1. Considering only residues that are more than 22 Å from Met119 (Cβ to Cβ) and open to solvent by less than 40 Å² (accessible area, probe 1.4 Å), which ones fall in segment 135-170?
2. Answer yes or no: is there a residue in segment 35-48 that is in a loop (DSSP other than H, G, I, E, B) and in contact with a Ser or Thr (Cβ under 9 Å, 6 or more places away or on another chain).
3. Identify, from the list Ser176, Ser186, the residue that is part of a loop (DSSP other than H, G, I, E, B), more than 20 Å from Ala95 (Cα to Cα) and in contact with a Pro (Cβ under 6 Å, 6 or more places away or on another chain).
4. Among Lys116, Lys75, which is the only one that is surrounded by fewer than 20 Cβ atoms within 10 Å (Cβ to Cβ) and among the basic types (Lys, Arg)?
5. All but one of (1) in a loop (DSSP other than H, G, I, E, B); (2) more than 16 Å from the ligand (Cβ to nearest atom); (3) not hydrophobic (A, V, I, L, M, F, W, C) hold for His55; which doesn't?
6. Might you let me know whether segment 120-132 holds any residue that is under 26 Å from Asn13 (Cα atoms), open to solvent by 10 Å² or more (accessible area, probe 1.4 Å) and within 10 Å of the ligand (Cβ to nearest atom)?
7. Provide a single number: the residues in segment 60-116 that are in a loop (DSSP other than H, G, I, E, B), acidic (Asp, Glu) and more than 18 Å from Ala146 (Cβ to Cβ).
8. If only one of Val150, Val138, Val178 is away from the ligand (no atom under 14 Å from the Cβ) and in contact with a Gly (Cβ under 9 Å, 6 or more places away or on another chain), which one is it?
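The values are calculated or read from the model by the stated rules, or taken from the named source; none is laboratory data. All of these numbers come straight from a predicted model, not from anything done at the bench. Glycine also receives a Cβ, built like all others from the backbone with ideal geometry; neighbour counts cover every protein chain displayed. Surface accessibility is based on the protein's heavy atoms, side chains included, excluding ligands, DNA and RNA. Shrake-Rupley method; radii C 1.70, N 1.55, O 1.52, S 1.80 Å.
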Amino acid sequence: MKKFFIVANWKSNKNAREAKEWFQELQSLNLKGQNLEEKEVVICPSFPLLNYTQHNLQTLKLAWHVGSQNISPFKQGAFTGEVNAEQVSEFAEYAIIGHSERRQHFGETDEMLAEKVAMALLAGLKPIFCIQGKDTPVPDGVAIVAYEPVFAIGSGHPDTPEDAEEVAKAIKEKHSGVQYVLYGGSITPDNMRSFTALEHISGGLVGGASLDPQKFMKIIENA
Ligand code: PGA
């Protein structure tokens with residue numbers, strides 16, 4: 001059976017109280033009856049909420065996973081303000097790397113992102129590497145790629161499933177290590193299935209719609 005990843009990217013949203021409310025609402029959705037076995041769900045909050053998210057998933061007895069939205073390109077040491085991969089790995093299994101918002105607002109280059117991937121792998125974190133198109137370089141060791149065209153992020157205008165499928169296929173052909181390609185950009189409960197129904201797309205990286213537990217659960221169900 002095809003394996004799916006549904007990844008929530010909360011971006012720079014939610015304080016501890018709001019995260020608590022998210023998990024409380026999730027709990028009220030009666031998760032027990034859901035068959036989510038072939039779906040790997042990953043919640044990526046901002047750094048201060050990694051530990052809390054891990055704790056909540058354990059309390060709810062949900063076999064979901066935690067991911068960070070970024071990591072440092074450096075090991076531990078004199079890098080004020082950075083959070084390194086080893087620190088993240090205490091609370092998370094995944095790390096989103098190379099999101100276009102990081103590239104755009106924080107000047108992250110392909111070289112720096114390759115360093116981040118290397119750091120993630122060294123610490124045992126699984127990178128979810130974001131690409132903006134077929135030609136975005138993918139560092140060695142990346143198994144999960146998320147295709148996120150910039151025009152589709154937060155715009156309400158997703159790419160077409162056909163385009164996404166073409167990119168996913170091309171990426172797998174070009175990089176033999178890439179096992180899964182996810183789509184991201186204006187995913188909703190209504191459009192998720194049109195992407196995951198296609199042969200080469202193995203799930204979604206969900207921004208805005210992941211902030212609402214009801215919508216996020218529907219996306220998981222529909223994937
Ligand atoms: P969006 O964001 O779902 O709000 O479009 C996706 C992303 O940036 O990961």
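1. Taking segment 135-170 as the starting set, the residues that turn out to be more than 22 Å from Met119 (Cβ to Cβ) are 135, 147, 149-170.
Those that are more than 22 Å from Met119 (Cβ to Cβ) and open to solvent by less than 40 Å² (accessible area, probe 1.4 Å): Tyr147, Pro149, Ala152, Ile153, Asp159, Pro161, Ala164, Glu165, Val167, Ala168, Ala170.
2. In the first step, residues of segment 35-48 are kept if they are in a loop (DSSP other than H, G, I, E, B); the result is 35-38, 45-46.
From the residues that got through so far, the ones that are in contact with a Ser or Thr (Cβ under 9 Å, 6 or more places away or on another chain) too are 45-46.
Checking segment 35-48: at least one residue is in a loop (DSSP other than H, G, I, E, B) and in contact with a Ser or Thr (Cβ under 9 Å, 6 or more places away or on another chain).
3. On the way: Ser176 fails: in contact with a Pro (Cβ under 6 Å, 6 or more places away or on another chain).
Just a single option satisfies the conditions, and that option is Ser186.
4. Values: Lys116 fails: surrounded by fewer than 20 Cβ atoms within 10 Å (Cβ to Cβ).
Residue meeting the stated conditions: Lys75.
5. Going through (1) in a loop (DSSP other than H, G, I, E, B); (2) more than 16 Å from the ligand (Cβ to nearest atom); (3) not hydrophobic (A, V, I, L, M, F, W, C) one by one, His55 breaks only (1).
6. For segment 120-132, residues under 26 Å from Asn13 (Cα atoms), open to solvent by 10 Å² or more (accessible area, probe 1.4 Å) and within 10 Å of the ligand (Cβ to nearest atom): absent.
7. As a first pass, look at segment 60-116 and keep what is in a loop (DSSP other than H, G, I, E, B): 60-64, 69-84, 89-93, 98-99, 107-109.
The next check asks that each one be acidic (Asp, Glu); those that pass are 82, 90, 93, 108.
With the extra rule that they be more than 18 Å from Ala146 (Cβ to Cβ), the set shrinks to 82, 90.
The number of residues fulfilling the criteria is 2.
8. Details: Val150 fails: away from the ligand (no atom under 14 Å from the Cβ); Val178 fails: in contact with a Gly (Cβ under 9 Å, 6 or more places away or on another chain).
Unique residue meeting the criteria: Val138.
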